[in-house]
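See below for the structure under consideration.
The values are calculated or read from the model by the stated rules, or taken from the named source; none is laboratory data. Nothing here was measured: the structure is a model prediction, and the numbers come from that model. Reconstructed Cβ throughout: ideal geometry from the backbone, glycine too, with neighbour counts over all protein chains shown. Note: accessible area is taken over every heavy atom of the protein model, side chains too, but ligands, DNA and RNA are not part of it. Shrake-Rupley method; radii C 1.70, N 1.55, O 1.52, S 1.80 Å.
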Amino acid sequence: MIKIFITFVTLTTTCSFAPLQLQAQNQNQSPIPSLKETFKNDFLIGTALNTAQIQEKDPAAAQLIPLQFNAATPENIMKAAIIHPGWDQYNFTLADQLVAYGQKNKIKITAHTLIWHSQLPDFVRSIKSPDSLRQFFTNHITTLASRYDGKVFSWDVVNEALEENGSLRKSIFLQLLGEDYIVEAFRLAQKAAPHTELYYNDYNIEQPKKRAGAVEIIKKIKAAGVRIDGVGIQGHWRASHIPLAEIEQSILDFSALGVKVMFTELDLSVLPNPWDRDNADVSATAGNSTGKDPYPNGLPDSVQNVLTKGYEDLFKLFLKHKDKISRITFWGVNDGQSWLNDFPIRGRTNYPTLFDRAYKAKPAFYAVIATKK
Ligand code: 9MR
């Protein structure tokens, strides 16, 4: 009988079915500290939100997000392919819901993203003439930036325009519009969204060559008399190889240009990287592979400790430079939501965030909170 009871308790407290989990948290667990409260005098604390989270379909997420975060970025729903699928066709519904969700929960929204080579609608991919692309470019930026001006806090105006060597990515925008397209994107956004902060966002721009490319972009925008308010270092790193020295130098170099520095898509992978290189290029997948998914049933303590230490080191550095950093955003509320379960190999079990698949705070969460003490 006792054994049956223990089994029942174990099942109800570890089960990931959301309503039961929520009940368990409410009844049996004392409240956990709040990230947004802990760092309220330092920087905003954000998360990426997926559709189910924006629509509050998952009770555990709906309860946790407003307690922990005061900033959010739509993980996908404001990308061009989704929000602007045809020349004169826009799907505003989800973005409007996101704005309402942010207002209700006092969460500042960073809209993501206006100009990105990836996740473009089919009609844009088939454009061959500069005039047609410029027409899309102008309509897209003007329509979205003006609709959400004053409703979102900020826009990632241009995303991932750089190659690893710091040169401009050979995207459709560079090829058909020429290298001034970045300044033009900010000029159009500035005109359409005078009450919205405007950012350049990219991965690996803490690395010296790519950082130099980002510095050039920021300088060029400013030299043209156009507004840029901040730069987002995405922060897709491996827990065991966080480039702390380069991150610190980037904070210094970017803030010296007079822009806000943000970490906009933070997550720390704990899985083997098949290419042995750091990359967030979503067009590159390594295909399926068995034997590359070492922790399908849980993370060993040794790896959990690496993750925890990684987050602790990062937040100590962020606090050291809190006067230059305006926001830290995690790319996903919990491990189950993370894109890293499917990148660069599909169907793995990764553990890159501060909350586990049942939205329970992990040791890394407590280590982050403890950096304030
Ligand atoms: O997390 C996003 C994932 O759900 C999408 O499938 C993917 C492709 O659009 O984009 C992911 O988010 C990316 C972000 O928008 C830009 N920087 C890299 C992120 C991870 O790929």
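Of His236, His195, which has the most accessible area with a 1.4 Å probe, and how do the rest follow in descending order?
Details: His236 20, His195 140 Å².
Ranked from most to least accessible, the order is His195, His236.
List the relative contact order of the chain as a percent without decimals, with contacts defined as Cα pairs under 8 Å and 6+ residues apart. Walk me through the intermediate numbers first.
Details: 638 pairs, mean separation 60.4, N = 373.
This gives 16 percent for the chain.
What FRET efficiency would be calculated for the residue pair Ser132, Gln175, taking the C-beta separation as r and a Förster radius of 22 Å, to the nearest 0.05?
Values: r = 13 Å, r/R0 = 0.60.
Approximately 0.95, to the nearest 0.05.
Given a 1.4 angstrom probe, I'd like the percentage of the accessible area of the stretch 160-261 that is carbon and sulfur, rounded to a whole number.
On the way: 2040 of 3910 Å².
The value for the stretch 160-261 is 52 percent carbon and sulfur by accessible area.
Under 8 Å for C-alpha pairs, at least 6 residues apart: give me the relative contact order for the stretch 46-196, rounded to a whole percent. Present the calculation step by step, with values, prior to reporting the outcome.
Numbers: 207 pairs, mean separation 33.9, N = 151.
Contact order relative to length: 22 percent.
Quantify, in whole percent, the carbon and sulfur part of the accessible surface of the stretch 57-112 (1.4 Å probe; protein heavy atoms only).
Numbers: 1190 of 2190 Å².
About 54 percent, which is the carbon plus sulfur part of the accessible surface.
Relative contact order for the stretch 164-265: what is it in percent, counting Cα pairs under 8 Å that are at least 6 residues apart? Show your work: numbers first, answer last.
Details: 125 pairs, mean separation 30.9, N = 102.
Averaging sequence separation for qualifying contacts and normalising by length gives 30 percent for the stretch 164-265.
Between rounded, prolate and oblate, where does the stretch 131-179 land on the alpha carbon gyration tensor, with a ≥ b ≥ c its root eigenvalues, rounded for a/c under 1.5, else prolate if a/b exceeds b/c?
Details: a/c = 4.78, a/b = 1.46, b/c = 3.27.
Oblate, because a/c is 1.5 or more while a/b does not exceed b/c.
Probe 1.4 Å, all protein chains in place: accessible area of Glu184 in Å², nearest 10?
Number for this one is 50 Å².
Counting other Cβ atoms within 10 Å of each Cβ, which trypsin sites (Lys or Arg not before Pro) in the stretch 42-129 have at most 15 and sit in a DSSP loop?
Details: sites: Lys57, Lys79, Lys104, Lys106, Lys108, Arg125, Lys128; in loops: Lys57, Lys79, Lys106, Lys128.
Sites meeting the loop and neighbour criteria: Lys57, Lys106, Lys128.
Working with all protein chains in place, sort Phe69, Phe92 by solvent-accessible area computed with a 1.4 Å probe, largest first.
On the way: Phe69 0, Phe92 45 Å².
Largest accessible area first, the residues go Phe92, Phe69.
How much length would be gained if the chain were fully extended between Ile32 and Ala224, taking 0.36 nm per residue of separation minus their Cα-Cα distance, in nm to one decimal? Display every interim value, and only then the final one.
On the way: separation 192, 0.36 × 192 = 69.12 nm, distance 4.76 nm.
Taking 0.36 nm per residue and subtracting the Cα distance, the gain is 64.4 nm.
Using a 1.4 angstrom probe, figure out how much accessible area the chain has per residue, in square angstrom, rounded to the nearest whole.
Values: 16070 Å² over 373 residues.
That works out to 43 Å² per residue.
Quick one: if you stick a label point 7 Å off each Cα along the C-beta vector at Lys309 and Ser146, how many nm between them?
Each label point is offset 7 Å from its Cα along the Cβ direction, giving 5.5 nm.
Would you mind calculating the gained length between Gln119 and Asn76 on full extension (0.36 nm times residue separation, minus the Cα-Cα distance), in nm to one decimal?
Working: separation 43, 0.36 × 43 = 15.48 nm, distance 0.91 nm.
Using 0.36 nm per residue and subtracting the Cα-Cα distance, I get 14.6 nm.
By per-residue mean of other Cβ atoms within 10 Å, what is the highest-first order of 212-223, 170-181?
In descending order of packing, they fall as 212-223, 170-181.
Express in nm, to one decimal, how much length is gained between Ser302 and Arg357 on full extension, taking 0.36 nm for each residue of separation and deducting their alpha carbon distance.
Details: separation 55, 0.36 × 55 = 19.80 nm, distance 1.92 nm.
Gain on extension, Ser302 to Arg357, equals 17.9 nm.
With labels modelled as points extended 7 Å from the Cα through the Cβ direction, what inter-label distance (nm, one decimal) is found for Asn165 paired with Asn41?
Modelled inter-label distance: 4.8 nm.
Report, in listed order, any pair from Lys106/Lys372; Lys36/Lys151; Lys219/Lys309; Lys40/Lys104; Lys222/Lys322 with a Cα-Cα distance greater than 28 Å.
Values: Lys106/Lys372 23 Å; Lys36/Lys151 21 Å; Lys219/Lys309 35 Å; Lys40/Lys104 19 Å; Lys222/Lys322 24 Å.
In this structure, Lys219/Lys309 lie more than 28 Å apart at Cα.
Would you rank Glu160, Glu197, Glu312 by solvent-accessible area, highest first, keeping every protein chain in place and using a 1.4 Å probe? Write out the running numbers ahead of the final one.
On the way: Glu160 10, Glu197 35, Glu312 55 Å².
Descending accessible area places them as Glu312, Glu197, Glu160.
Classify the stretch 87-209 as rounded, prolate or oblate, taking a ≥ b ≥ c as the square roots of the eigenvalues of its Cα gyration tensor: rounded when a/c is under 1.5, otherwise prolate if a/b is larger than b/c and oblate if not. Numbers along the way, then the final one.
Numbers: a/c = 1.94, a/b = 1.31, b/c = 1.48.
Oblate.
Applying 1/(1 + (r/R0)^6) with R0 = 51 Å to the Cβ-Cβ distance of His241 and Asp88, what FRET efficiency is obtained, to the nearest 0.05? Before the final figure, lay out the partial values.
On the way: r = 46 Å, r/R0 = 0.91.
Computed FRET efficiency for His241 and Asp88: 0.65.
On the full set of protein chains, 1.4 Å probe, figure out the accessible area of Asp96 and give it in Å² to the nearest 10.
60 Å²
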